[in-house]
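The values are calculated or read from the model by the stated rules, or taken from the named source; none is laboratory data. Quick caveat: nothing in here was measured; it's all calculated off a predicted structure. Positions of Cβ are generated from backbone atoms using ideal geometry, with glycine treated the same way; all protein chains shown enter the neighbour counts.
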Amino acid sequence: MISLFEIIMLLYIREARRMAEKMKNIYYTPSNPGSYGGKERFQRAIAEETVSRLGDVQVNEWLAEQDAYTLHKPVRKQFSRNIVFSTHPRSQFQADLCDMQALADENDGNRYMLTVIDVFSKIAFVRVLKNKSGAEVTRAFDSILKEGGAPKKVQTDGGVFGIKISMVKQVALAAVVVVMGCVGIIALILTLVQHHLVDLPHRMQYGMVFDAGSTHTSLYMYRWPGNKENNTGVVSQMLVCDVDGDGISSYAQDPPAAGLSLRKCLESALAAVPANQRRETPVYLGATAGMRLLQLQNPTQSDQVLEQVTKVIQGYPFDFRGARILSGMEEGAYGWITINYLQESFIKHTFEGEWVSPKGRKIWGALDMGGSSTQIAFTPGQPVQDPASALGPKLYGYQYEVYTHSYLCYGKEQAMRQLLVHLLKMSRSTRPVKHPCYHLGYNLTLTLGDLYDSPCVARPVTFDPASEVTFTGTSEPLRCLNQIKNIMNLTACSLAPACGFNGVYQPPVSGNFFAFSTYYYTFDFLGLAPQSSLSQATTTIDTFCKRTWDSLKTEYSEKDKYLRDYCASANYIMTVLLDGYKFNQTWGNIYFQRQVADTDISWTLGYMLNLTNLIPSERPLVMTGVQHGQWAAEVFFIAFAVFLSLMVLAILLLWNPRGNTTIDAITL
């Protein structure tokens, strides 16, 4: 007969077993919220699944029996530690035994590990033990000491054994350390208080651009401070080098010679840039209308020329960023950027040494004429109607809308070629061909192959390239002007009156303009630069064109290869400006200039300014400064701290009191 007490005990045992099994399932099931966690999370999981809450004691007792809980308890980090001073290798070893009995079967019967570490160097040694008998531990220690050397002290759970430093030495060492700490604190305070931050000057950065034009190539070198003003560099010209020979497009039949022609200017650049900055100095080559025409005429030769100039430039220790052919719009826009930068329309330097955006900024237009194309760029007084003619450069934090157009084949050299072809066509069979723009007494003989060697003129279906034609001057300025107008279409325009020439859309010109390159060179020769009235320009050109070739040779040098063309180019310029761009009422707004602020007006400066937006700024260099008296105090206390440090080393290395003892046995 089972008593009531026994029944209750049986029920209690069964319930305890059921609860233990339930707790085991909760704790060792990874998907359960209470698994492998802390006590509180485990208690909540038990209460949710068993509708009963176990006390802290029961839970702690059960968790204490689980290896998964006890082996992975968080390591205590906040507890009292003994201070250990170790000044050199083998001054003190720390040793302990690790109990691995539970894993002995998997480790060839090895039940313990003896771990020893050099407190100074952190070099550790480990030996496995079958047991922790004195003989076994001694054998293991002997092996470690042979490998790592004998220490002065060995620290174990049983205490520190080894060579004892005398109490006098300890007190002296502690006193010196305390003084060193005080001196260090004083020196630190002096270093941190009453200091001043001083910005050091930024290092100059350099950049180069090759202007590979149709008639010649020039290298322009620029520099700017490493910092930026609204992400754009404040650039100045430091070197200009003219490449010997004609433009790179003239080397179509001998591409390697195009690259070799650049060497003289590259050597000049090598001497101008500091040696430690050459590798980070960007170099660009921009080819303009001459190469645009060669690309139309023979793309293979164009690529070969660019390949050869790239090969030569890459042979120098610069950061070459590539050689490419600029579009006409880019060439015009970069010329516009150059002019307005030099005129301080974008940014100006104040007397206080700061760069600021000028109030009521005056934006200038740009008129550029090369050998194979001519460009106009300006900010119109109305929105640009043709998106293909608008650019929006962002400079010094401000966005601009610029109208720009490039007339390919209407640079000075190609326009003169078109005029020759037109006169030959109009003469029919009359020989020699009369040229009203050439001076009386001047004759020019060309082969038809040379005359028609350009995509800018229409070739006859059949002609003999070796056949020659002679042009003879007649000094007729009025007829010259009329014949020049025949090579341009001055009437057709779907958006009239908002037109340039050849049916190209152009908003009415507004503001002042700088005319450079061929515009300047022609008008400067005639004494019309930098500015002249329209009547003065017309009269001067008319008078010059009526002169004979003999009178010109007497006054000017025959070596001037452009002497024969000044009359024709002057009339061509007047036609472009008056009939093409419609400067009839605003002639006085044009200034014929070659330089502004000792810097050449060229698209290259605008190109470099735009590219500095892509070149990272240097981080500002800051120096901390103090007054002289404070600096002297800092030096004294720092020197005193160094002296005390040397004293500590002397105490540790030289003072070694006698009476030291060694170890015969160690208790772990």
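Quick grid of which residues meet (1) under 22 Å from the mean Cα position of the chain (by Cα); (2) among the charged types (D, E, K, R); (3) in a helix (DSSP H, G or I):
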position	(1), (2), (3)
301	no, no, yes
313	yes, no, yes
320	yes, no, no
323	yes, no, no
345	no, no, no
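Among the residues of region 396-412, is any of a type in the set (Lys, Arg) and buried (at least 20 other Cβ atoms within 10 Å of the Cβ)?
Yes, because at least one residue in region 396-412 is of a type in the set (Lys, Arg) and buried (at least 20 other Cβ atoms within 10 Å of the Cβ).
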Problem - When residues of region 1-48 are limited to those that are closer than 15 Å to residue 60 by Cβ and in contact with a Gly (Cβ under 6 Å, 6 or more places away or on another chain), the one modelled with the lowest pLDDT - result: 42
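Quick grid of which residues meet (1) among the basic types (Lys, Arg); (2) under 25 Å from residue 456 (Cα atoms); (3) surrounded by fewer than 22 Cβ atoms within 10 Å (Cβ to Cβ):
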| residue | (1), (2), (3) |
| --- | --- |
| 488 | no, yes, yes |
| 491 | no, yes, yes |
| 506 | no, yes, no |
| 510 | no, no, yes |
| 515 | no, yes, no |
| 521 | no, yes, yes |
| 535 | no, no, yes |
| 541 | no, no, no |
| 545 | no, no, no |
Exercise for the section: Give the residue that is surrounded by the fewest Cβ atoms within 10 Å (Cβ to Cβ), with candidates limited to residues of region 240-255 that are more than 16 Å from residue 372 (Cα to Cα) and among the β-branched types (Val, Ile, Thr). Expected result: 240
Exercise for the section: Any residue in region 311-335 that's acidic (Asp, Glu): show its pairings with residues that are assigned to a helix (DSSP H, G or I) and surrounded by fewer than 19 Cβ atoms within 10 Å (Cβ to Cβ) at Cβ separation under 8 Å, as long as the two are six or more apart or on different chains. Expected result: 319/279; 319/280
Practice task
Consider only pairs whose beta carbons are under 9 Å apart and that are at least six residues apart or on different chains; among these, list those whose first residue lies in region 470-481 and is under 16 Å from residue 566 (Cβ atoms) and whose second residue is among the β-branched types (Val, Ile, Thr) and crowded, with 21+ Cβ neighbours inside 10 Å.
Solution key: 477/541; 481/541
Practice task
Determine which single condition residue 284 fails, assuming it passes every other condition in (1) assigned to a helix (DSSP H, G or I); (2) crowded, with 17+ Cβ neighbours inside 10 Å.
Solution key: (1)
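Matching residues to (1) among the basic types (Lys, Arg); (2) surrounded by fewer than 19 Cβ atoms within 10 Å (Cβ to Cβ):
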residue: 560; (1), (2): no, yes
residue: 567; (1), (2): no, no
residue: 582; (1), (2): yes, yes
residue: 585; (1), (2): no, yes
residue: 592; (1), (2): no, no
residue: 597; (1), (2): no, yes
residue: 601; (1), (2): no, no
residue: 608; (1), (2): no, no
